[in-house]
Every structure is written in C-alpha cells, then in structure tokens.
Amino acid sequence: MSRTAGVAQMPLRFSTACRACPRLAGHLQQVRETHGDYHARPVPPFGAESPRLLVVGLAPGMHGANRTGRPFTGDHAGIILYDTLHRYGYANQAQSVALGDGLELVGCGITNAVKCLPPENKPMPVEVRQCNRFLKAELESLPADGAILALGAIAHQAVLLAFDLRRADHTFAHGAQHALPGGRTLFDSYHCSRYNTNTRRLTEAMFHEVFGAIGRHLEARPQAVAPQRL
C-alpha cells in the first residue's frame, strides 16, 4: 500500500501526468494557470488496497478533489459521503478536508469514472471510455463477493462498460441492485451532489438505506480472499 502525505491510498493504476484526453488536459492546464495551488491533475483513487466496497463517483469536482487531490474531499458532496462512510464503519472519521487530515478508509475504496475535472462537470462519452481501463483495473481489486456503489447514472454506466454489460439489461435506479459477473454486486444511488441534496432528490435517509443494503449484503456473504479477474 502506498502512502502520500501520511495517508493510505489505493495503488495507482494510472499516472497523474496522464494527458490521454486532449480536452480534459487543456482544461486542467487552464485551471493550473488560474489556481496555482490546486492539484489540477488526474485524481487517484483512495482507500483500502483490496476493498470489499468500491464507491464510484462521476469525476473530480472543481473545488473538491480537483483542488485537494483526493476523491470527494473539500466539497459539498464529500460531506454526506464521508459522514455516511464513518457511520457505517468504512472510515475512521466523519470529515474529509485535505490530504494529511488523518482520514483512513476501512474495507472501502473511492474512485471516479473519469479521473480528471471535466468542463462544467460534464465528461464526454469518449472520455468516459478512455478512462474506463483504469476503472476496470480498480474493479479487479475487489473480491468475488465485493460490492460496488455507483453514484449517479454515468458512474453506473461506466461500471457496466468495465464489465462489458448492456445498459438495457441493468437500468440505473436509486436503490437498485445488479448482479455482476464473478459474484460482485452493483448498488445504485443518486449522486450526493449539492443539487440533489438541496432539492431533496437524495435525502440522508435515502442514502443511508442504500448503505444499509450494502452492509446486509456483505454480512450475508462469506468474505472471498482472492479477487477474480474481470
């Protein structure tokens, strides 16, 4: 397990110097010019090396992960996510402020479908596909009984792409569960964005219900030791 600023991180599956998507690389260059103290590079996954639960978001937020260099850290979406992870035993503290804040995840990892900040927080389909090889590598670290939580439809679709599954056979819906190849299970939730929580499309109770289902699922299945390849 590697460590950055004293914080455990999942092994890097890609380089933070990646420039594979010209539009995203150009956008990050502009951000570095206007926000010189921001991370403004691809954001690596964070958490346990071989988690039983992998949380998949959309992409780094401008003033969150793109600023701090850690998924869901320093922005509104991270408030409910890390508080919930702590409540259900996946984190040692309820807040994620910055690298070096002492946060550690237990049996859990967090990543994004797209590792770079996209303009207007809207990645293009070609960018999701380009980045999917990295997500696939991260999914391979899950044991056969592992759970995946997709935050939003794009994250859901990116997971299906990694498993080479048809969207029509696995429709996104909040609270839905989908059996995946190799024994893994995909859970869906609306994204914990400021818009969704402010409009009450996603409430704290709704989010907790999904984590409760994940917990019951993992408790009911004997833990697998060796990951199965996708």
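The values are calculated or read from the model by the stated rules, or taken from the named source; none is laboratory data. A quick note: this is a predicted structure, and the numbers were derived from the prediction, not measured. Glycine gets a Cβ as well: all are built from the backbone with ideal geometry, and neighbour counts include every protein chain shown.
Name the residue that is surrounded by the fewest Cβ atoms within 10 Å (Cβ to Cβ), counting only residues in region 38-80 that are out of contact with any Ser or Thr (no Cβ under 8 Å at 6 or more places or on another chain), within 12 Å of G109 (Cα to Cα) and aliphatic (A, V, I, L, M).
Checked region 38-80; the qualifying residue surrounded by the fewest Cβ atoms within 10 Å (Cβ to Cβ) is A48.
Starting from region 70-94, keep only residues that are basic (K, R), then list their pairs with residues that are surrounded by 22 or more Cβ atoms within 10 Å (Cβ to Cβ) and outside any helix (DSSP H, G or I) whose Cβ atoms are within a distance under 6 Å, requiring at least 6 positions of separation or different chains.
Close Cβ pairs (under 6 Å, with a partner that is surrounded by 22 or more Cβ atoms within 10 Å (Cβ to Cβ) and outside any helix (DSSP H, G or I)) amount to R70/F46.
Any residue in region 136-145 that is of a type in the set (G, A, S), farther than 18 Å from F14 by Cα and buried (at least 18 other Cβ atoms within 10 Å of the Cβ)?
No, the conditions are met nowhere in region 136-145.
Of the conditions (1) surrounded by fewer than 22 Cβ atoms within 10 Å (Cβ to Cβ); (2) of a type in the set (A, V, I, L, M); (3) touching a residue at least 24 places away in the same chain (Cβ under 8 Å), L103 fails just one. Which one is it?
For L103, the failing item is (1).
Filter region 106-155 for residues that are without any contact (Cβ under 8 Å) to a residue 40 or more places away in the chain and of a type outside the set (K, R) and give the result.
Filtering region 106-155 for residues without any contact (Cβ under 8 Å) to a residue 40 or more places away in the chain gives 120, 122, 125, 128-129, 132-133, 153.
If the condition is that a residue be without any contact (Cβ under 8 Å) to a residue 40 or more places away in the chain and of a type outside the set (K, R), then E120, P125, V128, N132, A153 are the ones that fit.
Which of the strands (runs of 3 or more DSSP E) found entirely inside region 130-230 contain at least 2 residues meeting this: under 25 Å from D83 (Cβ atoms)?
Details: elements: 147-151, 177-179, 185-189.
Once the strands (runs of 3 or more DSSP E) in region 130-230 are filtered for at least 2 residues that are under 25 Å from D83 (Cβ atoms), what remains is 147-151, 185-189.
Have a look at A150, A173 and point out the one that is buried (at least 19 other Cβ atoms within 10 Å of the Cβ), modelled with pLDDT of 95 or more and either under 18 Å from the mean Cα position of the chain (by Cα) or of a type in the set (D, E) (or both).
A150 is the lone residue from the list that is buried (at least 19 other Cβ atoms within 10 Å of the Cβ), modelled with pLDDT of 95 or more and either under 18 Å from the mean Cα position of the chain (by Cα) or of a type in the set (D, E) (or both).
Considering R67, R41, which residue is modelled with pLDDT of 95 or more, part of a loop (DSSP other than H, G, I, E, B) and charged (D, E, K, R)?
R41
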